[in-house]
Amino acid sequence: MSKTFLIGFILFFVPATLIVTTLNIMQSFKRKKLKKKIDNLEYEKNVIDSAPITPELAKIESFLKNDKIEAMYNDWKARLNEIKEEQIPKLTDMILETEYSLSQLDFKGTNFKLAKLEMELYLVKTNSDSLLGEIKEITTSDEKNRAIITNLKAKYRDLYQKYTENIAEYGEIAKSVTLQFENIAHRFEDFEASMEKNEYSEVTQIIKAIDDMLKHMEFVVDEVPSIVLMTTTVLPNKIKDIEKEYNNMLKQGYQLDYLNVEYNIEEANKKIEDVSARTKVLNLEDNTFELKILNEYLDSLYMDFEKERNSRNIYEDARNLFSNRLDKVNNLINDIFNKLDEIKQYYSLSDENVSTLKSIKNELDSLNKDYRSLLVHTSNNAFAYSKLISEIEILTNKLNKSENRLDETLDSIGNMKEDEARAREQLEEIKLILKDARKQINEYNLPIIPKVYYTELSEAASAIKEIIKELEQKPITVSTLNTRVDTARDLVFKLLARAKEITKQAKFAEMAIVYGNRYRSSYEELDKTITYSEILFYKGEYQKSFEVTINYLNRIEPNILEKLNSLLG
């Protein structure tokens, strides 16, 4: 029985002892943790209490030269008394109450009081730091403000020196710039006066004003010369040049209404006047950006003029070629219908052939009418050449279709007798001209051969194939064969002329770029121009590349074109 009792006692007592021991250890650990928090908060309270507010406030007594500082001093003194006599003692009482709760092992109450203590401590610390910061703002302001003003004066001197060394570049704006520098100098005097009177709130505002004014003047000194140059020289000269070019092109019969040049030039002049007026009062906001946009627009007008000139050349070439082809087709179709009865007598023409010929004649009649209308529009300058190009292309496509239908019809009638040998001789001559054109283009190592060359080469080669095809047909239609030969000859001669023109343009463009390289390091704008010209060159736009370079070089060397001509021989 005693053994059973002993076992029961052990089974009950040992776990109970372990539980009690564990609870005691946990309470002890929790108590130490809370005690550490209380000690830390008490340390923070002591740090607040020992903050050097009193010695800093004592320094203020030497600054009491005006009512404003004296009022601030009294306010700070009252706030310090409140911290020392009310807020700090309150913190001490709260710490004691928290420690008492902890000693009674009231952990829940202790945690609650700790939370309130932390909040109160934070408020008192904020008040103390704020008060010390406000006081130091005055006690350290003299040294700090003078250090700031010294740097600002150095910045002022540098800006003023930079301005005076280049004052000629500011033109009429120099008066406004000089006046603004004088205003800044007066603000430096205001600073000294306020420092003498210990008006530190005014001093802060003066320093900020000087800093803002110098930042603005830094922008003014950097930007005004370029704005003056753009508004007084660069843009007016471009506008004058554009107006001259515009009027010359109008006299030459160009239709330029779609560009709205006169209205846009008027608006450009207004914009220049507006920018100039704003610059005179040193209001530079967006001025540089607006002038950049305006300059880009004026440059685009040069490109538009050039495009229109090129369009005229393209249109006239296309129109002349179209006119020649149309005349030949008209003559051919007229000749066929004049001899239609004879052809019917000697050849077995189908009703379909005759119907097709009549249909083609009707198409040509309509095409001739449209072409005469186009010539009227051309003569009275009703449309821009860029528009006329699309019109002649439409007519050319219609002519191509009519020619193709006519060729298909003529392939089935007629034969060649005595003219066949002559046509074969002419075919060999045309092949030699085509070979010469290819040799011409291959002799110069072009980065890109313009598409127009390949188009015309394809047209010429196609025309030669058409001659060969006609010669191989039996029977051969003499009139069609002659048309083929004439068309092929015209196309290969045009191709040869094109090859010579392309190589000549490329040589001139390359020589202009090479010649201009000697000036690239001296003229930043020329460097950009030649870079753009090189891009055009490697894109195959040789004529445009040459003109872009030569137009700028002409400003440096007025007779540059004659010099390049002599160099090229």
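Here is how the numbers come out for the structure above:
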{"read-out": "The stretch 420-569 shape via C-alpha gyration tensor axes, a/c threshold 1.5", "value": "prolate"}
{"read-out": "Gyration tensor (alpha-carbon) shape descriptor, the stretch 196-237, a/c threshold 1.5", "value": "prolate"}
{"read-out": "Net +/- balance of residues flanking residue 124 in space, Cβ distance below 9 Å, scoring K and R +1, D and E -1", "value": "+2"}
{"read-out": "Backbone HN-Hα couplings from phi across the stretch 380-391 [Karplus 6.51/-1.76/1.60, Hz, Gly and Pro as x]", "value": "9, 6, 6, 10, 5, 5, 5, 6, 5, 4, 5, 5"}
{"read-out": "Taking the stretch 225-314 and dividing mean pair separation by its residue count, relative contact order in percent (alpha carbons under 8 Å, at least six apart)", "value": "45 percent"}
{"read-out": "Crossing angle, helix 235-251 versus the chain [Cα axis fit, 0-90 degrees, rounded to tens]", "value": "20 degrees"}
{"read-out": "Normalised contact order of the stretch 147-287, rounded percent, pairs of Cα under 8 Å and 6 or more residues apart", "value": "32 percent"}
{"read-out": "Accessible area of the stretch 212-344 divided out per residue, in Å², using a probe of 1.4 angstrom", "value": "54 Å²"}
{"read-out": "Ordering of 483-493, 255-265 by burial proxy (mean other Cβ atoms within 10 Å per residue, highest first)", "value": "483-493, 255-265"}
{"read-out": "Net charge of Cβ neighbours under 12 Å - reference residue 259; Lys, Arg +1; Asp, Glu -1", "value": "-4"}
{"read-out": "The stretch 108-185-the stretch 187-237 distance, computed between alpha-carbon centres (Å)", "value": "16 Å"}
{"read-out": "Restricting the stretch 302-406 to trypsin sites (Lys or Arg not before Pro) in coil, as DSSP defines it, with at most 14 other Cβ within 10 Å", "value": "339"}
{"read-out": "0 to 90° range, to nearest 10: angle between helix 141-165 axis and the chain longest Cα axis", "value": "20 degrees"}
{"read-out": "Stretchable slack from residue 369 to residue 222, in nm (0.36 nm times residue separation minus alpha-carbon distance)", "value": "46.5 nm"}
{"read-out": "Tilt relative to the chain, helix 420-442 - C-alpha long axis, 0 to 90 degrees, to 10", "value": "30 degrees"}
{"read-out": "Accessible surface of the stretch 456-539, 1.4 Å probe, proportion on carbon and sulfur as whole %", "value": "51 percent"}
{"read-out": "Segment residue 297-residue 455, length gained on full extension (0.36 nm per residue, minus Cα span)", "value": "53.6 nm"}
{"read-out": "Interchain or long-range residues, amide H under 5 Å from residue 384's placed H", "value": "none"}
{"read-out": "For the chain, size of Cβ-based charge dipole, Lys and Arg +1, Asp and Glu -1, in debye", "value": "1980 debye"}
{"read-out": "Over the chain, relative contact order from alpha-carbon pairs under 8 Å, at least 6 apart, %", "value": "9 percent"}
{"read-out": "Computed [θ] at 222 nm, deg cm²/dmol, the chain (DSSP H ≥ 4; -39,500 (n - 2.57); rounded to nearest 500)", "value": "-29500 deg cm²/dmol"}
{"read-out": "Potential extension, residue 264-residue 405 segment - 0.36 nm per residue separation minus Cα distance", "value": "45.8 nm"}
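The values are calculated or read from the model by the stated rules, or taken from the named source; none is laboratory data. It should be emphasised that the depicted structure is a prediction, and the values quoted were computed from it without experimental measurement. Cβ: placed from backbone, ideal geometry, glycine included. Neighbour counts: every protein chain shown. Ligands, DNA and RNA are excluded from the accessible area calculation, which covers all protein heavy atoms including side chains. Shrake-Rupley method; radii C 1.70, N 1.55, O 1.52, S 1.80 Å.
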